[in-house]
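**Student:** Below is one structure. I have some questions about it.
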Amino acid sequence: MNFLKKSFCCLFSLMLTGCSISINVDTMLTPPKLSGEQEQIYQALQEAAGSDIRLKYPKSGSYLSAFIIADIDNDAGEEAIVFYEKNSASGLRINILDKIDGRWQSICDRSAEGSEIEKVMISQLGSSDRMNIIVGYSTANQSEKYLSVYAYENNYLEQPLTHSYALFDVADTGGTHPDLILLGAVSTAEPAYAAVYRLAEDDRYHEYKFQFTDNYTDYQQLSYGKLSDDRIALYVDAATGTANLQTEILCLESSADADSDTETDIRLVNLLQRCGKSAEETIRRAGLASMDIDNDNIPEIPVQRVFRGYESAPESEQIRQTDWLKMQDNQIFTEYESYYSINDGYLFILPEQWQKHVTVINNMTENEIQFCAYDADEPETLPVLLRIYIAYDDADRNDHLHAGYQLLHTKGTASYLVKTEPGEELSVSTGEILLCFQFSD
């Protein structure tokens, strides 16, 4: 089977809530100790702005320091970007400092959007050589978010682009350089949308926008996958409420002029619609994010249905199977069937010969998950094929090892053990079972 050809060492990171770990030094008892160079930058900032200041830190992303040091004007020398507030006055500010004759000096100071810094990215965009400082801001209660793109040239910090947003990133969308990708803030004034901003050589931004037909309330994540023609698809996991999630798949598409090879029209298109599908067909409960579970650079989309035999059971007693949908060559299909336990931190891909012939029982007496052969004509006969048990202490683990269980994985105090049972044509070896498991970090 295709999945067994993949390396069993592949580990995946679960997107349980779509939230990222954030740092807010305003609530810390002791601010981080500054390095020697940071202290010099801080002193230069105080000389320019006064000593009555408080540093502000990005909450997420690659830059988590109040002092971001990078070459932002392509002069082969590094500048410092510092966010701060004055204690005596409200308002977030951004300051650019440069090292002149071996000494840091404040060069430019201006007001910033919002009151908190969500994320900072520094990157080229499109075909322009210009470096861009991309900052996501939010209000104190995070009710609104604002994106600002800055360009530092001739000792001045310009702001050529600003926009409200819900989620943003910088990534290759199929061009020769990264583009700015923005998921529009959800509001009653404007429907949810996705937009790609590409910076041209003339320093103008070209916007490619797609408006979603569904009323999304939030976004869980934005991920990327390669298409067969090497274009990049955007996978948007969007929330339709507090309990449901579904996925949109978008891609930049260009058409060439009949008399030349130049691109005359670029659009952001919906690939699911091209397949005759809709995002509603990917609906599932919140927390089930799209993931590239087999490391082929194409994310799979999880959707759920009940395991065989549970069709008439009360919802509280149902056990759900997770199918993984893949889009390839303008088709979307189920690539894998699985049992996916987010709470216990593992994914088990059903072996090919088990598909349509196996169900799952949560054996409360033995406190384990059991995979059983299932025949709709004999629903009372459920021979066990595989047992999955999680032990949380050494004595329990050793008791199960003596009972014929085998240890697959450990994480903290948890030991993941399995025991295979003979099942004639459905029998699978422990070695094959091992290749079907993935564990969260």
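The values are calculated or read from the model by the stated rules, or taken from the named source; none is laboratory data. Because the structure is a prediction, the values reported are computed rather than measured. Here the Cβ positions follow ideal geometry from the backbone for every residue, glycine too, while neighbour counts run over all protein chains shown. Areas reflect the complete protein model, heavy atoms only, side chains present, ligands, DNA and RNA absent. Shrake-Rupley method; radii C 1.70, N 1.55, O 1.52, S 1.80 Å.
**Student:** Taking H as built 1.01 Å from N, whose amide H comes closer than 5 Å to the amide H of LYS145, not counting residues under 5 places away?
**Tutor:** TYR165
**Student:** Counting just the Cα atoms, what span does the stretch 298-441 cover along each of its three principal axes? Round to the nearest Å and put the largest first.
**Tutor:** Each principal axis gives a Cα extent; for the stretch 298-441 these are 51, 38, 32 Å.
**Student:** To continue, here is another question. HIS409 accessible area, nearest 10 Å², 1.4 Å probe?
**Tutor:** Spelled out: HIS409, probe radius 1.4 Å, area about 50 Å².
**Student:** Show THR173, THR334 ordered by accessible area, largest first, where the area counts protein heavy atoms only and the probe is 1.4 Å. Could you put the intermediate results ahead of the total?
**Tutor:** Working: THR173 10, THR334 70 Å².
Most to least solvent-accessible, the answer reads THR334, THR173.
**Student:** What's the magnitude of the charge dipole for the chain around its Cα centre, counting Lys and Arg as +1 and Asp and Glu as -1 at the beta-carbon? Answer in Debye, nearest 20. Don't skip to the answer; put the middle values down first.
**Tutor:** Working: 33 positive and 71 negative charges, 194 e Å.
Computed about the Cα centre, the dipole is about 940 debye.
**Student:** Could you give each residue of the stretch 305-316 its phi-based ³J(HN,Hα) in whole Hz, using Karplus coefficients 6.51, -1.76, 1.60 with θ = phi - 60°, and x for Gly or Pro?
**Tutor:** 8, 6, 5, 4, x, 9, 4, 9, 6, x, 4, 5
**Student:** Given a 1.4 Å probe and heavy atoms of the protein chains only, how would you sort ILE332, ILE433, largest accessible area at the top?
**Tutor:** Sorted by accessible area, descending: ILE332, ILE433.
**Student:** Sticking with this structure for a sec: Between ASN362, ASN244, ASN343, where does the largest GNM mean-square fluctuation fall for the chain, given springs only between Cα atoms within less than 10 Å?
**Tutor:** Among ASN362, ASN244, ASN343, the largest mean-square fluctuation in the Gaussian network model of the chain belongs to ASN343.
**Student:** From Cα pairs below 8 angstrom and at least 6 apart in sequence, can you work out the relative contact order of the chain, rounded to a whole percent?
**Tutor:** Numbers: 931 pairs, mean separation 43.8, N = 441.
Once normalised by length, the contact order is 10 percent.
**Student:** To continue, here is another question. Could you work out how much longer the chain between ASP377 and ASP202 gets when fully extended? Use 0.36 nm per residue separation minus the Cα distance between them, nm to one decimal.
**Tutor:** Numbers: separation 175, 0.36 × 175 = 63.00 nm, distance 6.99 nm.
Extending this stretch completely gives an extra 56.0 nm.
**Student:** To the nearest 20 Debye, how big is the dipole of the stretch 327-406 about its Cα centre, given +1 on the beta carbon of each Lys and Arg and -1 on that of each Asp and Glu? Present the calculation step by step, with values, prior to reporting the outcome.
**Tutor:** Details: 3 positive and 15 negative charges, 22 e Å.
It works out to roughly 100 debye.
**Student:** Given the alpha-carbon gyration tensor of the stretch 155-314, what are the semi-axes of its equivalent ellipsoid in whole angstrom, ordered largest first, with each equal to the square root of 5 times an eigenvalue?
**Tutor:** Details: eigenvalues 202, 79, 41 Å².
Square roots of five times the eigenvalues give 32, 20, 14 Å.
**Student:** Please sort 225-236, 43-54 by packing, taking for each peptide the average over its residues of neighbouring beta carbons within 10 angstrom, highest first. Intermediate values should be presented prior to the final figure.
**Tutor:** Values: 225-236: 16.8, 43-54: 14.9.
Packing order, densest peptide first, comes out as 225-236, 43-54.
**Student:** How large are Rg and Dmax for the stretch 178-238 when only the alpha carbon atoms are used, in Å?
**Tutor:** Final numbers for Rg and Dmax: 13.1, 38 Å.
**Student:** Quickly work out the ASP230-to-THR410 label distance, labels modelled 7 Å from Cα along the C-beta direction, and quote it in nm with one decimal.
**Tutor:** Taking the simple label geometry, THR410 and ASP230 are separated by 4.6 nm.
**Student:** Would you look at the GNM of the chain, springs on alpha carbons closer than 10 Å, and say which of LYS209, LYS411, LYS326 moves the most?
**Tutor:** LYS411
**Student:** Expressed as an acute angle from 0 to 90° and rounded to the nearest 10, what is the orientation of the C-alpha long axis of helix 36-49 relative to the principal long axis of the chain?
**Tutor:** The angle comes out near 50 degrees.
**Student:** Moving on to the next point. If the elastic network links every pair of Cα atoms under 10 Å, which of GLU337, GLU380, GLU300 fluctuates the most in the Gaussian network model of the chain?
**Tutor:** In the Gaussian network model the winner is GLU380.
**Student:** Taking +1 at the Cβ of each Lys and Arg and -1 at the Cβ of each Asp and Glu, which of THR365, MET327, ILE122 sits farthest along the dipole of the chain towards its positive end, judged by Cα position relative to the Cα centre?
**Tutor:** Value: THR365.
**Student:** Report ³J(HN,Hα) in whole Hz for each residue of the stretch 192-209, in order, from the Karplus equation J = 6.51 cos²θ - 1.76 cosθ + 1.60 where θ = phi - 60°; Gly and Pro get x.
**Tutor:** 5, 7, 10, 9, 10, 10, 10, 8, 8, 5, 7, 6, 9, 8, 9, 9, 10, 10
**Student:** Mind jotting down the three principal axis lengths of the chain based on Cα atoms? Whole angstrom, largest first.
**Tutor:** 81, 65, 40
**Student:** If packing is taken as the average number of other Cβ atoms within 10 Å across a peptide's residues, how do 210-218, 312-320 rank, most packed first?
**Tutor:** Values: 210-218: 16.0, 312-320: 10.6.
Output ranking for 210-218, 312-320: 210-218, 312-320.
**Student:** If r is the Cβ-Cβ distance from GLN124 to ARG103 and R0 is 25 Å, what FRET efficiency results, to the nearest 0.05? Don't jump to the answer; show the numbers that get you there.
**Tutor:** On the way: r = 29 Å, r/R0 = 1.17.
After rounding, the FRET efficiency stands at 0.30.
**Student:** In nm, give the distance between the simple-model label positions of LEU434 and GLN211, each being 7 Å from the Cα along the Cα-to-Cβ direction.
**Tutor:** It is 5.6 nm.
**Student:** Now for a different question. If each of ALA313 and GLN331 carries a label point 7 Å out from its Cα toward its Cβ, how far apart are those two points in nm?
**Tutor:** About 3.3 nm separates the two model spin labels.
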